[in-house]
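The values are calculated or read from the model by the stated rules, or taken from the named source; none is laboratory data. Worth saying up front: this structure is predicted, and the values here are computed from it rather than measured. Here Cβ is always computed from backbone atoms with ideal geometry, including for glycine, and neighbour counts include all displayed protein chains. When the accessible area is computed, the model is the full protein with side chains, heavy atoms only, and any ligands, DNA or RNA have been set aside. Shrake-Rupley method; radii C 1.70, N 1.55, O 1.52, S 1.80 Å.
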Amino acid sequence: MNEIALVFAAELGRKVRSRLFWIATLGGMLAIAVLIEAPVFFTSIAQSSSNDVLLAGPPSLVARARVMLERRRDYRVVGTVADLPGRVTIAYLRAHGHAGAAIALSERGRRLHLDIYPRDLSAFDGAQFRDLVPLSIELATGAPVARVERASSIERTIHPIDEKFTDARTAALAHDLAFGLVFILYLAIIIASQSVMSAVAEEKTSRIAEILVATIVPANLLCGKVFAAAAVSVVQAGAWLATTAILVPFAATSPVFASTVAKPGATGPGSFGIDPALAAAFAAFFILGFLQYATIYAAAASLVSRTEDLGIVTAPVIMPVVGAFFVAQYALVEPNGPISVACSFVPFLSPFVMFTRMAITVVPWWQPAVALVIDALAVAVSFWAAGRVYQVGMLLYGRLPTARQIFAALRA
Amino acid sequence: MLCVDRISRSFGNVTAVRDVSFDVERGSVFGLLGPNGAGKTTTMRTILGIYAPDAGRVTWNGTPIDRTVRRRFGYLPEERGLYGKMKVKDQIVYFGRLHGLGAASASQQADVWLETLGIIEFAKRACGELSKGNQQKVQLACAVLHEPDLLVLDEPFAGLDPVNAATILTCLRALAGRGTTLVLSSHQMFQIEHACRTFCIIAAGSVRESGTLAELRAAFPVRTVRVAPDLPAIRATFAAAGAGEPVVDDDGALRYELPAVTDFGALLRAAVAAGPVEEFERHEPSLSAVYLRALQQS
């Protein structure tokens, strides 16, 4: 077994046996489950919802309004009464189907007027009740509601310019998917940065580093450690994605999920599918992106003498991944803009930006291919440079090396 | 044979070692002596390839030291380290495997060394739970598991009680007996004097003295003679031979320092003729004396 494989196996064993790994993996799965299921769960156990309304007013007006409000399932009418009391209280709403609001309908100046008594004022901030507009027009003009509705609806046809998607709903889901996967890459790198840097600093603090660099090639030591961290991150990301893939189809059957988490109408298991080619691209960019950053983190950690000093080098090396994540957000908005396209080929940014563009727009086949080659080369250069810094840094105690010393190490 | 040939190494403006040269015969035990900051650790790290020399070269059996050769070396640095949470045997096996042993062979050898060093009962314990002395034994086992061709030990006896130091010394002698070349540094002169065949004393990055103990003693300019009883006639005899004022030991015996070229046989005969000599003992210089004198030379 070669040196890299030996270090990889030992590091992987240590990481998998560590509490941190299980806490991060299971904690992440739990957090995802909570994020997906919590809206559905809390809505199901809630005694009232702002969508549940109690209608009051003339029976003919109330009956017609009820049909119009419930037609699109924006509101659920939990009860009707002829009149509301002089003072509507929470107890009154609770007694009438745990309503989120009581709405009194009346005709004033030949227009529909609503008096709304909500439990939660903020829930009705900006509520337009546009479903009732045809009823108001009928009162004003005498034109039947059906005619008003026909006249006020505008036929529309969306013609996608980009060939990537055939409808707006799929495109919106693709944006969400791109954001989610890029966020997982970002999260994996951030978590791994702590793991890799702590492991390297621990070896240096415990002074075992000198024996290691005397025994094996420092670059091989670095490779083994970084590959082990990558394997752990792939397992963690896989667990998180699997949790998402299992829970989302179940949650998606709930109308609550459709209205709170997914895009309107995007319910059903089929809506959350992912193109296998895109999944492969994500895996490739995930691994290449992770390796680029992790090697730099390992090299940076080798420069500090004590675990407590990690903060000194953490901020400068964490900033690039934060920057890459923000550039990816820009690419979500303008995937084919010159900045997005250019950043798709810049090492350290490319894994985030190119994948984002691939997820939401049509990218010529050669661009991901070139980006993958550039990223692979960047990984090789990162390993080479980090190995040099690592060799010098692991034996340096007491102070951070100067930029000149680091440059000299790279040239040596 | 290890050949260190005029190696120099600087760190910024500081020259850690300058033109350091020595040879170490295969299977011999070589002592590298010097005060703190003399360049011992830099020399050892250069031998092991951790540092590349700025000038000069290090060879093993006439060839430059590459990765394959270095895998057959073992190293116990002055600053010791272990994975605190890793079990003792797992750690020893891991280092054995890094030095090229197979899994089964490393496990088997680990058991042998754990038994030899008297720490077999700690095999399944985490290293961090062991005493300092036992941790040092684990570190030694990590360094020697693969029966290295060359074993470099930086202060192997530091912090050890006499019993543990003796245990480790016995193990090192056994290794040398099996053909391992040993290069070790220590400030504990008594142990190193008895352990090593040849020595090199370095100070301020340069070699001051080197050779076997006999060669170092031969170059030492004075000898000590202890004579008793303290009689005026005996004092006069030594004064006539050019000796300075004696030091009077606790038991009343006189201790003189005389040039190494003195005819000690003639001096003994003269002392016996001068009075009833009960004790006349010529002392060879100790390694400690040789070391201190070498450091005083600048």
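Tell me which helices (runs of 4 or more DSSP H) are completely within the range A:296-412 and hold 2 or more residues being at pLDDT below 90, or say none if there are none.
Values: elements: A:310-333, A:338-343, A:350-360, A:366-393, A:403-411.
In the range A:296-412, the matching helices (runs of 4 or more DSSP H) lie at A:310-333, A:350-360, A:366-393, A:403-411.
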field: Enumeration of residues in the range A:213-226 that are part of a helix (DSSP H, G or I) and either polar (S, T, N, Q) or surrounded by 20 or more Cβ atoms within 10 Å (Cβ to Cβ) (or both)
entry: A:Val213, A:Ala214, A:Thr215, A:Pro218, A:Asn220, A:Leu221, A:Leu222, A:Cys223, A:Gly224, A:Lys225, A:Val226
task: Test A:Gly86 against the stated conditions and say whether it is within 22 Å of A:Val234 (Cα to Cα) and modelled with pLDDT under 90.
output: no
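Look through B:Val261, B:Val247, B:Val227 and report the one residue that is of a type outside the set (Gly, Ala, Ser) and open to solvent by less than 30 Å² (accessible area, probe 1.4 Å).
On the way: B:Val261 fails: open to solvent by less than 30 Å² (accessible area, probe 1.4 Å); B:Val247 fails: open to solvent by less than 30 Å² (accessible area, probe 1.4 Å).
Going through B:Val261, B:Val247, B:Val227 in turn, just one is of a type outside the set (Gly, Ala, Ser) and open to solvent by less than 30 Å² (accessible area, probe 1.4 Å): B:Val227.
Just wondering, is there one or more residues in the range A:293-300 that are aliphatic (A, V, I, L, M) and open to solvent by 50 Å² or more (accessible area, probe 1.4 Å)? Reasoning before the result, please.
Taking the range A:293-300 and keeping what is aliphatic (A, V, I, L, M), we get A:294, A:296, A:298-300.
Filter again for open to solvent by 50 Å² or more (accessible area, probe 1.4 Å), leaving A:296.
Yes - at least one qualifying residue is present in the range A:293-300.
From the list A:Ala237, A:Ala242, A:Ala280, A:Ala231, pick out the single residue that is at pLDDT 75 or above, open to solvent by 20 Å² or more (accessible area, probe 1.4 Å) and either closer than 19 Å to A:Gln194 by Cα or touching a Leu at 6+ places or on another chain (Cβ under 8 Å) (or both).
Working: A:Ala237 fails: open to solvent by 20 Å² or more (accessible area, probe 1.4 Å); A:Ala242 fails: either closer than 19 Å to A:Gln194 by Cα or touching a Leu at 6+ places or on another chain (Cβ under 8 Å) (or both); A:Ala280 fails: either closer than 19 Å to A:Gln194 by Cα or touching a Leu at 6+ places or on another chain (Cβ under 8 Å) (or both).
Result of the check over A:Ala237, A:Ala242, A:Ala280, A:Ala231: A:Ala231.
I want to confirm something. Restricting to the range B:59-73 and keeping residues that are facing another protein chain (nearest Cβ under 9 Å) and surrounded by 16 or more Cβ atoms within 10 Å (Cβ to Cβ), which single residue is farthest from the chain's Cα centre (by Cα)?
Filtering the range B:59-73 for residues facing another protein chain (nearest Cβ under 9 Å) gives B:67, B:70-71, B:73.
From what is left, the residues that are surrounded by 16 or more Cβ atoms within 10 Å (Cβ to Cβ) are B:70-71, B:73.
Numbers: B:Arg70: 22, B:Arg71: 23, B:Phe73: 18 Å.
So the residue we want is B:Arg71.
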Enumeration of residues in the range B:80-137 that are open to solvent by less than 50 Å² (accessible area, probe 1.4 Å), charged (D, E, K, R) and not in a loop (DSSP other than H, G, I, E, B): B:Lys89, B:Lys137
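Among the residues in the range A:39-50, are any among the polar types (S, T, N, Q) and either within 30 Å of A:Phe227 (Cα to Cα) or touching a His at 6+ places or on another chain (Cβ under 7 Å) (or both)? Let's see the steps before the verdict.
Taking the range A:39-50 as the starting set, the residues that turn out to be among the polar types (S, T, N, Q) are A:43-44, A:47-50.
With either within 30 Å of A:Phe227 (Cα to Cα) or touching a His at 6+ places or on another chain (Cβ under 7 Å) (or both) added as a condition, the list becomes A:47-48.
There is at least one residue in the range A:39-50 that is among the polar types (S, T, N, Q) and either within 30 Å of A:Phe227 (Cα to Cα) or touching a His at 6+ places or on another chain (Cβ under 7 Å) (or both).
Hey, which of the helices (runs of 4 or more DSSP H) in the range A:1-86, taking only ones fully inside, have at least 2 residues that are within 14 Å of another protein chain (Cβ to nearest Cβ), of a type outside the set (Ser, Thr, Tyr) and touching a residue at least 24 places away in the same chain (Cβ under 8 Å)?
Working: elements: A:3-17, A:19-45, A:59-71.
Answer list for the range A:1-86: A:3-17, A:19-45.
Taking the residues in the range A:199-209 that are assigned to a helix (DSSP H, G or I) and open to solvent by 10 Å² or more (accessible area, probe 1.4 Å) as candidates, determine which candidate is farthest from the other protein chains (Cβ to nearest Cβ). Before you say what the answer is, go through the steps one by one.
The initial filter retains those residues of the range A:199-209 that are assigned to a helix (DSSP H, G or I), namely A:199-205, A:209.
Among the residues that remain, those that are also open to solvent by 10 Å² or more (accessible area, probe 1.4 Å) are: A:199, A:202, A:205.
Values: A:Ala199: 10, A:Glu202: 8, A:Thr205: 8 Å.
Here the residue is A:Ala199.
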message: Please go through the range B:13-36 and give me each residue that is more than 14 Å from chain A (Cβ to nearest Cβ), part of a loop (DSSP other than H, G, I, E, B) and open to solvent by 70 Å² or more (accessible area, probe 1.4 Å), ordered by number.
response: B:Glu25, B:Arg26, B:Asn36
task: Looking at (1) among the β-branched types (Val, Ile, Thr); (2) without any contact (Cβ under 8 Å) to a residue 24 or more places away in the chain; (3) over 12 Å from B:Thr224 (Cβ atoms), find the lone condition where B:Val247 falls short.
output: (3)
Subset of the range A:139-173 [open to solvent by less than 100 Å² (accessible area, probe 1.4 Å) and hydroxyl-bearing (Ser, Thr, Tyr)]: A:Thr141, A:Ser152, A:Ser153, A:Thr170
task: Would you confirm whether any residue within the range A:105-114 is more than 17 Å from A:Leu55 (Cβ to Cβ), free of Cβ contacts under 8 Å to residues at least 12 places away in the same chain, open to solvent by 30 Å² or more (accessible area, probe 1.4 Å) and not hydroxyl-bearing (Ser, Thr, Tyr)?
output: yes
